[in-house]
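Structure first, commentary second.
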Amino acid sequence: MSASSPGDLAVAFRSLARRLKESLEPVDGDTSVAGPMLDELQTVVAKAAAVVRSEASAGAVADAIERRPADSWIDSELEALRREALDAGRLLRAIQTAAEEAAANAAG
């Protein structure tokens, strides 16, 4: 994601809710399997929201990124958003792993 454009970053944040839902599918959406990781994911979103001065939701972050002209970004802002998007992806993978392990344990 090192060469991500603002548009790419908006898509990454906009897809967080869908990807989280997919990550929890093995346990039918049971968030209890990933409590601390979900808290950390919210922190990641809050950090991104601080960069774009929006409310702390992934959709609001995506909206703020999309509203801003591409040529008005400074490198440090884009780098901060890239870092948070990468952290969100890492957390989503960990949540999915936890959900898969919980489902496997419940099955047998």
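If we keep just the residues of segment 4-22 that are in a helix (DSSP H, G or I) and either among the small types (Gly, Ala, Ser) or closer than 22 Å to residue 104 by Cα (or both), which is farthest from the chain's Cα centre (by Cα)?
7
Mind checking which residues of segment 64-82 are without any contact (Cβ under 8 Å) to a residue 12 or more places away in the chain, farther than 22 Å from residue 93 by Cα and charged (D, E, K, R)?
Result: 67, 71, 75.
How many of the residues making up segment 46-59 are assigned to a helix (DSSP H, G or I), without any contact (Cβ under 8 Å) to a residue 12 or more places away in the chain and crowded, with 17+ Cβ neighbours inside 10 Å?
Keep residues of segment 46-59 that are assigned to a helix (DSSP H, G or I), which gives 46-52, 58-59.
Of the ones still in play, those that are also without any contact (Cβ under 8 Å) to a residue 12 or more places away in the chain are 46, 50.
Okay, now just the ones that are also crowded, with 17+ Cβ neighbours inside 10 Å, so none.
Summing the residues that are assigned to a helix (DSSP H, G or I), without any contact (Cβ under 8 Å) to a residue 12 or more places away in the chain and crowded, with 17+ Cβ neighbours inside 10 Å in segment 46-59 gives 0.
Under 9 Å between Cβ atoms, which residue pairs at least 6 apart in sequence (or on different chains) link something in segment 23-45 that is in a loop (DSSP other than H, G, I, E, B) with a partner that is of a type in the set (Gly, Ala, Ser) and surrounded by fewer than 20 Cβ atoms within 10 Å (Cβ to Cβ)?
Sorted first by the residue in segment 23-45, then by its partner, the pairs are 28/103; 30/102.
Per-residue answers, yes or no, for (1) more than 15 Å from residue 10 (Cα to Cα); (2) of a type in the set (A, V, I, L, M):
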{"site": "46", "(1), (2)": "no, yes"}
{"site": "59", "(1), (2)": "no, no"}
{"site": "62", "(1), (2)": "no, yes"}
{"site": "83", "(1), (2)": "no, no"}
{"site": "91", "(1), (2)": "yes, yes"}
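Which condition number in (1) free of Cβ contacts under 8 Å to residues at least 12 places away in the same chain; (2) of a type outside the set (A, V, I, L, M, F, W, C); (3) at negative phi; (4) surrounded by fewer than 13 Cβ atoms within 10 Å (Cβ to Cβ) is the one that residue 7 fails?
Status for residue 7: all satisfied but (1).
I'd like the full set of residues that are among the hydrophobic types (A, V, I, L, M, F, W, C) and either touching a strand residue (DSSP E or B) at 6+ places or on another chain (Cβ under 8 Å) or closer than 18 Å to residue 5 by Cβ (or both), limited to segment 59-69.
Restricting attention to segment 59-69, the residues satisfying the condition of being among the hydrophobic types (A, V, I, L, M, F, W, C) are 60-62, 64-65.
Across segment 59-69, the qualifying residues are 61, 62, 64, 65.
Bear in mind these aren't lab numbers, they're just calculated from the coordinates by the rules spelled out. What you are looking at is a predicted structure, and each value in this text was computed from that prediction instead of being measured. Every residue, glycine among them, receives a Cβ derived from its backbone with ideal geometry; neighbour counts consider all protein chains shown.
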